[in-house]
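Structure record follows, encoded as C-alpha coordinates.
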Amino acid sequence: MSRSLIERRLRDASARLRRAREELAVIEEQLAVLADAADEARLRALVSETPLANREYQEAQRHADAMNRSRQAVVTSITELQRAQDELLDRLVIESH
(Lines give C-alpha, C1' and ligand atoms only; values in the text may rest on other atoms or scores of the structure.)
Protein backbone atom coordinates (compact mmCIF):
# COMPACT_ATOMS: atom_id res chain seq x y z
CA MET A 1 0.00 0.00 0.00
CA SER A 2 1.42 3.39 -0.95
CA ARG A 3 2.38 5.95 1.66
CA SER A 4 -0.13 8.51 0.33
CA LEU A 5 -2.97 5.97 0.56
CA ILE A 6 -2.00 5.08 4.11
CA GLU A 7 -1.86 8.76 5.06
CA ARG A 8 -5.28 9.41 3.51
CA ARG A 9 -6.80 6.44 5.33
CA LEU A 10 -5.15 7.62 8.54
CA ARG A 11 -6.69 11.09 8.15
CA ASP A 12 -10.09 9.53 7.47
CA ALA A 13 -9.82 7.26 10.50
CA SER A 14 -8.74 10.18 12.66
CA ALA A 15 -11.71 12.29 11.53
CA ARG A 16 -14.14 9.43 12.12
CA LEU A 17 -12.63 8.82 15.55
CA ARG A 18 -13.03 12.49 16.47
CA ARG A 19 -16.69 12.46 15.37
CA ALA A 20 -17.35 9.24 17.29
CA ARG A 21 -15.85 10.71 20.46
CA GLU A 22 -18.01 13.83 20.06
CA GLU A 23 -21.06 11.62 19.58
CA LEU A 24 -20.12 9.63 22.68
CA ALA A 25 -19.95 12.81 24.76
CA VAL A 26 -23.46 13.79 23.65
CA ILE A 27 -24.83 10.31 24.28
CA GLU A 28 -23.30 10.20 27.76
CA GLU A 29 -24.96 13.51 28.64
CA GLN A 30 -28.31 12.25 27.35
CA LEU A 31 -27.87 8.95 29.14
CA ALA A 32 -27.26 10.73 32.44
CA VAL A 33 -30.50 12.69 32.05
CA LEU A 34 -32.49 9.60 31.05
CA ALA A 35 -31.04 7.52 33.88
CA ASP A 36 -31.95 10.25 36.39
CA ALA A 37 -35.48 10.39 34.97
CA ALA A 38 -35.79 6.61 35.24
CA ASP A 39 -34.58 6.70 38.86
CA GLU A 40 -37.10 9.41 39.72
CA ALA A 41 -39.88 7.47 38.00
CA ARG A 42 -38.87 4.33 39.89
CA LEU A 43 -39.12 6.16 43.20
CA ARG A 44 -42.52 7.60 42.27
CA ALA A 45 -43.70 4.11 41.31
CA LEU A 46 -42.53 2.71 44.65
CA VAL A 47 -44.18 5.48 46.64
CA SER A 48 -47.46 5.68 44.74
CA GLU A 49 -47.83 1.97 43.94
CA THR A 50 -50.12 2.75 41.00
CA PRO A 51 -50.15 1.02 37.62
CA LEU A 52 -49.70 4.36 35.85
CA ALA A 53 -46.59 5.23 37.85
CA ASN A 54 -45.19 1.77 37.18
CA ARG A 55 -45.77 2.14 33.42
CA GLU A 56 -44.09 5.55 33.47
CA TYR A 57 -41.10 4.00 35.21
CA GLN A 58 -40.93 1.13 32.71
CA GLU A 59 -41.07 3.56 29.80
CA ALA A 60 -38.38 5.80 31.29
CA GLN A 61 -36.19 2.76 31.93
CA ARG A 62 -36.65 1.54 28.34
CA HIS A 63 -35.45 4.91 27.07
CA ALA A 64 -32.41 4.80 29.35
CA ASP A 65 -31.66 1.22 28.29
CA ALA A 66 -31.91 2.16 24.60
CA MET A 67 -29.53 5.08 25.11
CA ASN A 68 -27.14 2.78 26.95
CA ARG A 69 -27.17 0.40 23.97
CA SER A 70 -26.41 3.35 21.69
CA ARG A 71 -23.54 4.32 23.96
CA GLN A 72 -22.14 0.80 23.84
CA ALA A 73 -22.33 0.75 20.04
CA VAL A 74 -20.36 4.00 19.84
CA VAL A 75 -17.78 2.73 22.35
CA THR A 76 -17.34 -0.39 20.20
CA SER A 77 -16.97 1.78 17.11
CA ILE A 78 -14.32 3.91 18.84
CA THR A 79 -12.40 0.79 19.83
CA GLU A 80 -12.47 -0.47 16.23
CA LEU A 81 -11.40 2.91 14.87
CA GLN A 82 -8.51 3.09 17.33
CA ARG A 83 -7.40 -0.39 16.29
CA ALA A 84 -7.58 0.57 12.59
CA GLN A 85 -5.66 3.77 13.29
CA ASP A 86 -2.95 1.80 15.12
CA GLU A 87 -2.65 -0.62 12.21
CA LEU A 88 -2.33 2.25 9.75
CA LEU A 89 0.34 3.88 11.88
CA ASP A 90 2.24 0.59 11.99
CA ARG A 91 2.04 0.35 8.19
CA LEU A 92 3.22 3.95 7.87
CA VAL A 93 6.26 3.19 10.01
CA ILE A 94 7.03 0.07 7.98
CA GLU A 95 6.68 2.01 4.71
CA SER A 96 9.07 4.69 5.92
CA HIS A 97 11.85 2.18 6.59
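The values are calculated or read from the model by the stated rules, or taken from the named source; none is laboratory data. Just so we're clear, the structure is a prediction, and the values are computed from it rather than from any experiment. Reconstructed Cβ throughout: ideal geometry from the backbone, glycine too, with neighbour counts over all protein chains shown. The area values use the complete protein model at the heavy-atom level, side chains included, leaving out ligands, DNA and RNA. Shrake-Rupley method; radii C 1.70, N 1.55, O 1.52, S 1.80 Å.
A compact table of results
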read-out	value
Probe 1.4 Å, accessible area per residue of segment 5-83, Å²	70 Å²
Proximal charge balance of residue 50 [Cβ under 12 Å; K/R count +1, D/E count -1]	0
Probe 1.4 Å - accessible area at residue 19, Å² to nearest ten	130 Å²
Candidate values (1) -0.35, -1.11, -1.28; (2) -0.50, -0.94, -1.02; (3) -0.45, -1.10, -1.19, label of the one derived for log10 I(q)/I(0) by the Debye sum over Cα atoms at q = 0.11, 0.21, 0.23 Å⁻¹	(2)
Given charges at Cβ of Lys, Arg, Asp, Glu: the chain dipole, positive-most of 25, 85, 37	85
Of all accessible heavy-atom area on the chain, the percent that carbon and sulfur account for (1.4 Å)	51 percent
Helical mean residue ellipticity (222 nm; -39500 (n - 2.57) per DSSP H run of 4+; nearest 500) of the chain	-35500 deg cm²/dmol
